Amino acid sequence: MDLKDIDRRYVWHPFTQMKDYENDEPLIIERGEGVYLIDIDGNRYIDGVSSLWVNIHGHAHPIINKAIHEQVNRISHSTLLGISNRPAVELAKRLVDVAPEGLTKVFYSDNGSTSVEIGIKMAYQFWQQLGFPRKKKFISLAQGYHGDTIGSVSLGGIDLFHKIYGPLLFHVEKAPSYSCYRCQLGLEYPACELACAAEMERLIEEHSEELCAVVMEPLVQGAGGMLMARPGYLRKVSQACKKNDVLLLLDEVAVGLGRTGKLFACDHESVSPDILCIAKGITGGYLPLAVTMTTDRIYNAFLGEYTDYKTFFHGHTYTGNPVCCASAIANLDVFEKENTLENLSKKIKFLENYLEKFRELEHVGDIRQCGFMVGIELVLDEVSKAKYPPGDKIGIKVIKEAKKGGVIIRPLSDVIVIMPPLSITMEELKKLLEVTFDSIRKVTEGDKCD
Ligand SMILES: *Cc1c(COP(=O)(O)O)cnc(C)c1O
């Protein structure tokens, strides 16, 4: 049997309607080179969404590859339960050095969902052990996404993914999304004066006695459709949390590691959370690793005599895996060696300018950009913002068209996402945008341009 038949027969793909997949020609990747993915037939594609938002410096980067090889030759895994390993220790120090002030403790896991689960349990147990038994609630945002485990799904607010699991979830207070395009409060920016932040403040005050933490994706709600916050929103929420002694948990799984133009999204508003979750880009997109960083204040509430049972009883088998940590250290090294963030600012500018061109397309309703994260929302009608019927699969049609042009992207329903590795060159970026533009035009205005 050929590889494609075996794939169709045996592999169950995530977030994929397998009935459609079984009838399509699978794309099977064999190699990567910089910003390119190369399939088993030798075709090259620009990795337009960084292999689902993880890749930072391109594929098969010599420095990261070398660090992984060297670590494998020393040891591939030893446990972090009660003992330690060299890369896990070194990485913890490196992260504390670059993270927002006050985040001094690093708790490892292996994916974004678990990094959030850990944050939830930490926040909850913190208040219990501090002597606030009533503090059991969380606030999160509508349209939020924090992963696919039951705790992180409880915090999530995307009906398409989360609704069916309703009976399995714990109750979470929902604040409105900070997104403007389809403002939940029905207001217009800037006349609204950030009413969504005021509403969040109100909720925090109302529930402060029972509230453990506010959980959100700072600046960009990624999986919710690349929904973006206005300047000042994060700062306001952070201040409200401080004022009411409620913890702030920031999920930087998607936005962290340079995606927004700074190493962490919260750096844009000089906000330092109580709990910070990082995953996707942390290893440069090479291996699964996540961290939940926190403060001395939270950490100290877990200290006690053995029989006080204040221990944080949480840990995954591969927690702090040395090969993953070695990859993450090399990732940070490359940030320094290649001046990744400095070089990124002109690419962000170029991207911003180029995106203006997309406005001339009839079915582009909104263009959202924060650093190197872009969402282009396709609509049936620009004026009424009417959506395409889901059965039109308009986003899927666009990415299929883009594939023919040598570009791999993946939509969020009708939002076309562009999120290339930070290392992409200007020429490659231009090609990615040209192909995306042409694909949107062909699919949405097809009969006119043929
Ligand atoms: C992807 C993502 C997660 C989940 O990470 P996994 O590694 O897929 O479990 C959590 N939060 C945000 C903001 C994400 O984008």
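So if I check each of Glu342, Glu336, which one is free of Cβ contacts under 8 Å to residues at least 40 places away in the same chain, open to solvent by 50 Å² or more (accessible area, probe 1.4 Å) and closer than 24 Å to Arg74 by Cβ?
Values: Glu342 fails: closer than 24 Å to Arg74 by Cβ.
Every option except Glu336 fails the conditions.
Tell me which residues, restricted to segment 161-190, are farther than 24 Å from Cys212 by Cα and either within 15 Å of the ligand (Cβ to nearest atom) or not assigned by TED's automatic domain parsing to the domain that holds Ala290 (or both).
Listed by number, the residues that qualify are Phe161, Ser179.
Return the pairs, sorted by first residue and then second, in which the second residue is assigned to a loop (DSSP other than H, G, I, E, B) and open to solvent by 60 Å² or more (accessible area, probe 1.4 Å), the first residue lies in segment 1-15 and is touching a residue at least 12 places away in the same chain (Cβ under 8 Å), the beta carbons are less than 8 Å apart, and the residues are 6+ apart or on different chains.
Close Cβ pairs satisfying both conditions: Lys4/Glu25.
Name the residue that is least open to solvent (accessible area, probe 1.4 Å), counting only residues in segment 345-399 that are among the hydroxyl-bearing types (Ser, Thr, Tyr) and over 19 Å from Gly261 (Cβ atoms).
Tyr388
Going through segment 356-410 one residue at a time, which ones are of a type in the set (Asp, Glu), in contact (Cβ under 8 Å) with a residue 60 or more places away in the chain and touching a strand residue (DSSP E or B) at 6+ places or on another chain (Cβ under 8 Å)?
Asp366, Glu377
For Asp438, state whether it is at pLDDT below 95, surrounded by fewer than 21 Cβ atoms within 10 Å (Cβ to Cβ) and over 30 Å from Leu341 (Cβ atoms).
For Asp438, the condition - at pLDDT below 95, surrounded by fewer than 21 Cβ atoms within 10 Å (Cβ to Cβ) and over 30 Å from Leu341 (Cβ atoms) - is not met.
With Ile56, Ile38 as the choices, which residue is closer than 28 Å to Ile424 by Cβ, of a type in the set (Val, Ile, Thr), touching a residue at least 60 places away in the same chain (Cβ under 8 Å) and open to solvent by less than 30 Å² (accessible area, probe 1.4 Å)? Even if it seems obvious, please write down each step before you answer.
Values: Ile38 fails: touching a residue at least 60 places away in the same chain (Cβ under 8 Å).
The match here is Ile56.
Scan segment 104-114 and give yes if some residue there is assigned by TED's automatic domain parsing to the domain that holds Ile275, closer than 17 Å to Thr283 by Cα, within 11 Å of the ligand (Cβ to nearest atom) and of a type in the set (Asp, Glu), otherwise no.
Within segment 104-114 (the criterion being assigned by TED's automatic domain parsing to the domain that holds Ile275, closer than 17 Å to Thr283 by Cα, within 11 Å of the ligand (Cβ to nearest atom) and of a type in the set (Asp, Glu)), the answer is yes, since at least one residue qualifies.
Can you tell me which residues in segment 200-236 are more than 19 Å from the chain's Cα centre (by Cα) and open to solvent by less than 50 Å² (accessible area, probe 1.4 Å)?
Within segment 200-236, Met200, Leu203, Ile204, His207, Ser208, Glu210, Leu211, Cys212, Ala213, Gly232 meet the criteria.
Would you confirm whether or not segment 304-314 contains a residue that is in a loop (DSSP other than H, G, I, E, B), within 16 Å of the ligand (Cβ to nearest atom) and either crowded, with 17+ Cβ neighbours inside 10 Å or not acidic (Asp, Glu) (or both)?
Let us first name the residues in segment 304-314 that are in a loop (DSSP other than H, G, I, E, B), namely 304-305, 309-314.
Going one step further and asking which of them are within 16 Å of the ligand (Cβ to nearest atom), we end up with 314.
Now narrow it down to the ones that are either crowded, with 17+ Cβ neighbours inside 10 Å or not acidic (Asp, Glu) (or both): 314.
For segment 304-314, residues in a loop (DSSP other than H, G, I, E, B), within 16 Å of the ligand (Cβ to nearest atom) and either crowded, with 17+ Cβ neighbours inside 10 Å or not acidic (Asp, Glu) (or both): present.
Tell me yes or no: at least one residue of segment 417-424 is surrounded by fewer than 19 Cβ atoms within 10 Å (Cβ to Cβ) and either under 24 Å from the mean Cα position of the chain (by Cα) or among the β-branched types (Val, Ile, Thr) (or both).
No: segment 417-424 contains no residue that is surrounded by fewer than 19 Cβ atoms within 10 Å (Cβ to Cβ) and either under 24 Å from the mean Cα position of the chain (by Cα) or among the β-branched types (Val, Ile, Thr) (or both).
Counting residues that are open to solvent by 40 Å² or more (accessible area, probe 1.4 Å), which helices (runs of 4 or more DSSP H) fully inside segment 97-186 reach at least 2? Talk me through it step by step, then tell me what you get.
On the way: elements: 112-130, 150-155, 159-162.
So the answer is 112-130, 159-162.
Report, by residue number, each residue of segment 2-16 that is assigned to a helix (DSSP H, G or I) and charged (D, E, K, R).
Residues satisfying the conditions are Lys4, Asp5, Asp7, Arg8, Arg9.
Can you find a residue that is small (Gly, Ala, Ser) and either in a helix (DSSP H, G or I) or more than 18 Å from the chain's Cα centre (by Cα) (or both) anywhere in segment 51-63?
The answer is yes, given that some residue of segment 51-63 is small (Gly, Ala, Ser) and either in a helix (DSSP H, G or I) or more than 18 Å from the chain's Cα centre (by Cα) (or both).
Is at least one residue of segment 289-296 open to solvent by 10 Å² or more (accessible area, probe 1.4 Å), β-branched (Val, Ile, Thr) and either more than 16 Å from the ligand (Cβ to nearest atom) or in contact (Cβ under 8 Å) with a residue 24 or more places away in the chain (or both)?
Within segment 289-296 (the criterion being open to solvent by 10 Å² or more (accessible area, probe 1.4 Å), β-branched (Val, Ile, Thr) and either more than 16 Å from the ligand (Cβ to nearest atom) or in contact (Cβ under 8 Å) with a residue 24 or more places away in the chain (or both)), the answer is yes, since at least one residue qualifies.
Filter segment 332-379 down to the residues that are under 22 Å from Ala223 (Cβ atoms) and among the aromatic types (Phe, Trp, Tyr) and list them by number.
Passing the criteria: Phe358, Phe372.
When Leu80 is evaluated against the numbered criteria (1) assigned to a loop (DSSP other than H, G, I, E, B); (2) closer than 30 Å to Glu25 by Cβ, which criterion, by number, is the only one it fails?
(2) is the only condition that Leu80 fails.
The values are calculated or read from the model by the stated rules, or taken from the named source; none is laboratory data. Since this is a predicted model, take the numbers as computed values, not measurements. Positions of Cβ are generated from backbone atoms using ideal geometry, with glycine treated the same way; all protein chains shown enter the neighbour counts. Remember, those area values only see protein heavy atoms, side chains included, never the ligands or the DNA or RNA. Shrake-Rupley method; radii C 1.70, N 1.55, O 1.52, S 1.80 Å.
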